[in-house]
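The values are calculated or read from the model by the stated rules, or taken from the named source; none is laboratory data. Treat the numbers as computed from the prediction; the structure is a model and nothing was measured. Heads up, the Cβs are rebuilt from the backbone with ideal geometry, glycines too, and the neighbour counts pull from every protein chain shown. Quick note on the areas: whole protein, heavy atoms, side chains included, nothing else; ligands and nucleic acids left out. Shrake-Rupley method; radii C 1.70, N 1.55, O 1.52, S 1.80 Å.
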Amino acid sequence: MKKIFIFLLPILLFTACGDDCYNAPQPIVFQFVDSNDENLIANGSLTAYSVQDENHVGVQLTKTEDNMVILENVGAYNGTKKYTFYSNLKVFDFTIQSSEFKGGCDGFQINKLTFTGVGIDVTDEKGYYKIIFE
């Protein structure tokens, strides 16, 4: 019995602490293509781009190996926030609606992403948003 208690004690200590449990929102990933489905970063057309929130604070962007862009640390709030995408080709706005995560841990989840802008088309692909610049 003593051996079982000694074995279970570390397991209880590591699982009982819920203070360190946090679920970050799923990442938002953009792929930019033209009307021929050619990636605009890969072909060199899209060379400069940035994102700012409604308070004019820059969002960290990470370019992936397959020429997509990850928006870092967005959606960690309860409510709706407006963002603007700036580039050498196009400027458009989008909003992210997030809410508190309803699970065993603290955190947030992104509920809705809405795009507005002239001359863009967006499709929700598996794990990323394909943005078509016309």
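Tell me, what % of the accessible area of segment 67-134 is carbon and sulfur with a 1.4 angstrom probe?
Values: 1690 of 3740 Å².
The computed percentage sits at 45.
Diffusion coefficient of segment 41-82 by Stokes-Einstein, Kirkwood radius over Cα pairs, 25 °C, 0.890 mPa s: 206 µm²/s. THR123 contributes about 50 Å² of solvent-accessible surface, heavy atoms of the protein only, 1.4 Å probe. If the chain linking GLU125 and ASP106 were pulled fully straight, counting 0.36 nm for each residue of separation and taking away their Cα-Cα distance, it would gain 4.1 nm.
Suppose accessible area is computed on protein heavy atoms with a 1.4 Å probe; arrange ASP53, ASP37, ASP124 from highest to lowest. If you can, show how the numbers build up before the last one.
On the way: ASP53 20, ASP37 90, ASP124 115 Å².
The most accessible residue leads, giving ASP124, ASP37, ASP53.
Relative to one another, the C-alpha centroids of segment 36-67 and segment 101-130 are positioned 16 Å apart.
Subtracting the Cα-Cα distance of CYS21 and GLU38 from 0.36 nm times their residue separation leaves 2.0 nm of extension gain.
With a Förster radius of 22 Å applied to the C-beta separation of SER45 and GLU65, the computed FRET efficiency comes to 0.75.
What chymotrypsin sites (Phe, Trp or Tyr not before Pro) in segment 72-134 are in a loop by DSSP, with at most 11 other Cβ atoms within 10 Å of the Cβ?
Values: sites: TYR77, TYR83, PHE85, TYR86, PHE92, PHE94, PHE101, PHE108, PHE115, TYR128, TYR129, PHE133; in loops: TYR77, PHE101, TYR128.
Filter output for segment 72-134: empty list.
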